[in-house]
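Trainee: What follows is a single structure, and I will ask about it in a moment.
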Amino acid sequence: MKRKIKNILFITGSRGEWGYIRPILRLIQKDSDLDYKLCVTNMHLLPSYGSPIDEIIKDGFEVHFKPFMALDGYNHFSMVKSLGILLSSLADYLYSDPPDWIVLAGDRGEQLVGAIVGAYCYIPVAHIQAGELSGNIDGVTRHAIGKYAHVHFASNEDAAERLIKLGEQDFRIHNVGAPQIDEMISANIPSIDSLKKKYALSIDDNYILFVQHAVTEDYQNVNNQIETSIKSLIKINIPVVAILPNNDAGSYLITNGINQNRTNLFHCFKNLPREDYLGFLKHSKVIVGNSSSGILEAPTFKVPAVNIGRRQNMRVRCENVIDCDFKIKNIVSSIQEAMSTEFNAFLIDNCLNPYGDGKSSKRIIEIIKSTRVDDRLLTKLLTY
């Protein structure tokens with residue numbers, strides 16, 4: 001009798017969750033019991049964001065479904081309509097080619113759409129980095145995904161305990177760590193010299209990595225926030241490697257703000273290959289902005305992070321993170337503290353990433369392979 005191969009659908013619409021799922025896909029490519037389908041959408045398909053799908057294909061991954069969902073003039077209302085487009089498109093795709101599992105990652109709207117479609121079609125849904133907190137609509141989205149998901153992959157004990165408090169059954173919850181950490185530990189991270197040569201940069205390792213995204217609820221303040229951040233960075237007066245934001249309501253305001261206020265010390269990128277981004281992170285003096293990369297990834301390299309504003313509020317964090325508000329004086333002083341000899345010496349002995357040990361992807365694969373899909377799994381009950 002021919003062995004059945006489990007077919008797993010992954011959905012990615014942003015750089016962040018691509019970092020979550022890429023190491024898992026690498027393992028699936030080597031596993032004779034598993035195969036994958038890859039849905040690539042949103043900013044990955046847009047030239048204005050550097051067409052990240054090109055890097056996905058260059059990495060050796062086949063893209064099976066490319067729904068164009070992003071409408072022009074991205075604001076609150078176009079975000080909602082764009083998700084509606086994906087909902088309809090994904091339902092049609094799953095009708096024609098239903099997978100055995102859907103694996104989702106993180107807290108973005110595209111992942112919520114995948115959870116809704118999967119749950120209503122009685123396809124088991126697994127959710128990576130379930131149960132975490134954050135300070136904006138993404139945090140609400142993450143917990144909404146959790147209510148549809150049949151299996152929860154928590155990245156730490158705090159998140160696992162929260163899922164239980166939210167009424168999820170114990171057998172669904174697995175504390176596996178964060179899979180994006182796996183590649184950071186095992187990958188061949190490029191040197192600063194190779195990055196300088198590749199991108200024709202006149203910098204050494206004395207630079208700031210800057211990644212700032214729009215906060216959906218603070219749409220009306222985005223202009224002031226990015227202007228404040230750029231002015232603060234200019235005061236530090238060292239080179240800045242800036243990565244342009246995700247495709248969210250207000251993201252074009254971030255991009256415009258960077259382009260209008262930058263000096264010749266700024267080197268801006270729409271998108272970078274994953275390894276190159278990790279290289280710029282590893283060799284930087286500090287990562288500044290409101291990206292989860294400062295919370296989740298920077299601790300592995302013992303890189304300080306200045307986290308500005310509310311976007312990462314309440315997330316479990318390491319000693320590398322310095323929080324501040326959108327005031328120039330506070331941002332400048334936080335960056336100066338982060339770059340100090342004393343702070344970096346402290347991190348050498350006290351910075352241990354709470355999000356994983358480099359083996360998360362393997363755990364996720366083993367759990368999916370061993371989980372029995374039956375009525376008990378697909379029929380969700382709340383414990384309260």
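Trainee: How big is the Rg/Rh ratio for segment 234-276, C-alpha atoms only, Rh by Kirkwood, two decimals?
Mentor: Here the Rg-to-Rh quotient is 0.99.
Trainee: Turning to a different aspect of this structure: Would you work out if segment 145-246 is rounded, prolate or oblate? Take a ≥ b ≥ c from the square roots of the eigenvalues of the alpha-carbon gyration tensor; rounded if a/c is under 1.5, else prolate when a/b is larger than b/c, oblate otherwise.
Mentor: The shape class here is oblate.
Trainee: Compute the long axis of helix 360-370 from its Cα atoms, compare it with the longest principal axis of the Cα atoms of the chain, and write down the angle in degrees, 0 to 90, nearest 10.
Mentor: 10
Trainee: So which residue, out of A149, A200, A338, gets the largest mean-square fluctuation from a GNM of the chain using Cα contacts under 10 Å as springs?
Mentor: Maximum fluctuation in the GNM of the chain, among the listed residues, is at A200.
Trainee: Taking R0 as 30 Å, what FRET efficiency do you get between K66 and N188 from their Cβ-Cβ distance, rounded to the nearest 0.05?
Mentor: Efficiency, from the Cβ-Cβ distance: 0.55.
Trainee: Also: Along the Cα-to-Cβ line of D205, 7 Å from the Cα, sits a label point; which residues in segment 249-266 have backbone N less than 14 Å from it?
Mentor: Under 14 Å, as judged by backbone N against the label point of D205, lies no residue of segment 249-266.
Trainee: In terms of the Cα gyration tensor, with a ≥ b ≥ c the square roots of its eigenvalues, is segment 186-350 rounded because a/c is under 1.5, prolate because a/b exceeds b/c, or oblate?
Mentor: rounded
Trainee: Work from the charge dipole of the chain (Cβ charges, +1 for Lys and Arg, -1 for Asp and Glu, about the Cα centre) and give the residue of N344, L265, V373 farthest towards its positive end.
Mentor: Highest projection toward the positive end goes to V373.
Trainee: Figure the gain on full extension for H76 and E275 (residue separation times 0.36 nm, minus the Cα-Cα span) and round it to one decimal in nm. Please report the intermediate quantities before stating the final value.
Mentor: Details: separation 199, 0.36 × 199 = 71.64 nm, distance 3.22 nm.
That works out to 68.4 nm of additional length.
Trainee: I need the phi-derived Karplus couplings for segment 182-195: 6.51 cos²θ - 1.76 cosθ + 1.60, θ = phi - 60°, integer Hz, Gly and Pro marked x.
Mentor: Ordered by residue, 3J(HN,Hα) equals 4, 5, 5, 7, 9, 6, 8, 6, x, 6, 5, 5, 5, 5 Hz.
Trainee: Another question, then. What would the Debye equation give as log₁₀ I(q)/I(0) for segment 267-384 at q = 0.13, 0.15, 0.21, 0.22 Å⁻¹, counting only Cα atoms as equal point scatterers?
Mentor: -0.64, -0.77, -1.18, -1.26
Trainee: Can you compute the helix-only [θ] at 222 nm over the chain? Use -39500 (n - 2.57) per DSSP H run of at least 4 residues, normalise by all residues, nearest 500 deg cm²/dmol.
Mentor: Result for the chain, helices only: -13000 deg cm²/dmol.
Trainee: How far is the Cα center of segment 260-318 from the Cα center of segment 158-196, in Å?
Mentor: Here the two parts' Cα centres lie 17 Å apart.
Trainee: With 10 Å bins from zero, work out the P(r) of segment 12-165 over every alpha carbon pair and list the percent per bin.
Mentor: 10, 40, 38, 11, 0
Trainee: Hey, what angle do you get for helix 15-29 against the long axis of the chain, alpha-carbon based, 0 to 90 degrees rounded to 10?
Mentor: Its long axis makes an angle of about 50 degrees.
Trainee: Please state the relative contact order of the chain as a whole percent: Cα pairs under 8 Å, 6+ residues apart?
Mentor: 17
Trainee: Rounded to the nearest whole Å³, what is the per residue volume of the convex hull around the Cα atoms of the chain? Don't skip to the answer; put the middle values down first.
Mentor: Numbers: hull volume 51.6 nm³, N = 384.
Per residue, the Cα convex hull of the chain comes to 134 Å³.
Trainee: Next question, about the same structure. Find me the longest stretch of the chain that has none of the exposed trypsin sites (Lys or Arg not before Pro), where exposed means in a DSSP loop (not H, G, I, E or B) with at most 13 other Cβ atoms within 10 Å.
Mentor: No qualifying site falls inside 31-326, the longest such stretch.
Trainee: Let me ask you something else. Using a cut-off of 28 Å between alpha-carbon atoms, which lysines can reach K37, once sequence neighbours fewer than 8 places away in the same chain are excluded?
Mentor: Straight-line reach from K37, under 28 Å: K2, K4, K6, K58, K66, K81, K147, K270, K359, K362, K369, K380.
Trainee: Determine, from the Cβ-Cβ distance of E161 and L381 and an R0 of 30 Å, the FRET efficiency 1/(1 + (r/R0)^6), rounded to the nearest 0.05.
Mentor: After rounding, the FRET efficiency stands at 0.95.
Trainee: While we're on this one: How high is the FRET efficiency from D33 to F343, r the C-beta distance, R0 45 Å, rounded to 0.05? Let's see the in-between values first.
Mentor: Values: r = 47 Å, r/R0 = 1.04.
Result of the calculation: an efficiency of 0.45.
Trainee: On to the next question. At 7 Å along the Cα-to-beta-carbon direction for both D54 and N264, put a label point, then send me their distance in nm to one decimal.
Mentor: Inter-label distance under the simple model: 2.8 nm.
No lab work stands behind these numbers, since they all come straight from the coordinates. Source: prediction; values computed, not measured. Cβ: placed from backbone, ideal geometry, glycine included. Neighbour counts: every protein chain shown.
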